[in-house]
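Report on one structure; see the data block that follows.
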Amino acid sequence: MTGARRGQFDVVLVWASDRIARSVRHFLDVLDELNRLNVEFVSFREQIDTAGPLGRALVVIIGAIAELERNLIIERVRAGMRRARLEDRHIGRTPLQLDNEAIRRDRAHGCSLRTIAKTYRVSTATVQRVLKQSISTAQEHVA
């Protein structure tokens, strides 16, 4: 975002309007604030100049279409996830198949978390999670 002067107005030049706001409402609030401060908004990519009412109307229309597109994408993703759940399909990454008992045994023999992680080709966080689960399971059996 750069600034310049054009007559009595200061000018804010941005590469694209989506770089200044994430929703139409926020964008219009920013434009109102800029207008209140006598600052003109110019978008390089969209060739939008908000000096006049036509430029502002164009910004509102483009912003509304962009927000509609974003909401449609979100709705399609949610619908796809609902359908996958109804069809009992797994959503997301497949769970790791680990030998939890061997990990616990290696740790009991004094192996470091990093060594165990390299041996089983997992992260140290995964090794810690397996060990933590074994501790909580043991505490449940005692109680």
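The values are calculated or read from the model by the stated rules, or taken from the named source; none is laboratory data. Predicted model only: the values in this text are computed from it and were never measured. Counting neighbours? That spans all protein chains shown, and the Cβs are built from the backbone with ideal geometry, glycine included.
Numerical summary
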quantity	calculated
Search result, residues across the stretch 101-110 that are over 14 Å from residue 129 (Cα atoms) and buried (at least 16 other Cβ atoms within 10 Å of the Cβ)	106
Candidate set from the stretch 72-100 (those that are basic (Lys, Arg) and not in a loop (DSSP other than H, G, I, E, B)); member that is farthest from residue 129 (Cα to Cα)	76
Check on residue 14, at pLDDT below 80 and in contact with a Gly (Cβ under 8 Å, 6 or more places away or on another chain)	no
Qualifying residue in the stretch 56-72 (condition: touching a strand residue (DSSP E or B) at 6+ places or on another chain (Cβ under 9 Å), free of Cβ contacts under 8 Å to residues at least 24 places away in the same chain and in the same structural domain as residue 15 (by TED's automatic domain parsing))	yes
Matching option when the condition is among the β-branched types (Val, Ile, Thr), surrounded by fewer than 17 Cβ atoms within 10 Å (Cβ to Cβ) and on the phi < 0 side of the Ramachandran plot, among 42, 30	30
Scope the stretch 22-41; condition β-branched (Val, Ile, Thr) and more than 27 Å from the chain's Cα centre (by Cα); matching residues	39
Residues located in the stretch 1-11, provided they are more than 12 Å from residue 49 (Cβ to Cβ) and at pLDDT below 75	1, 2, 3, 4, 5, 7, 8
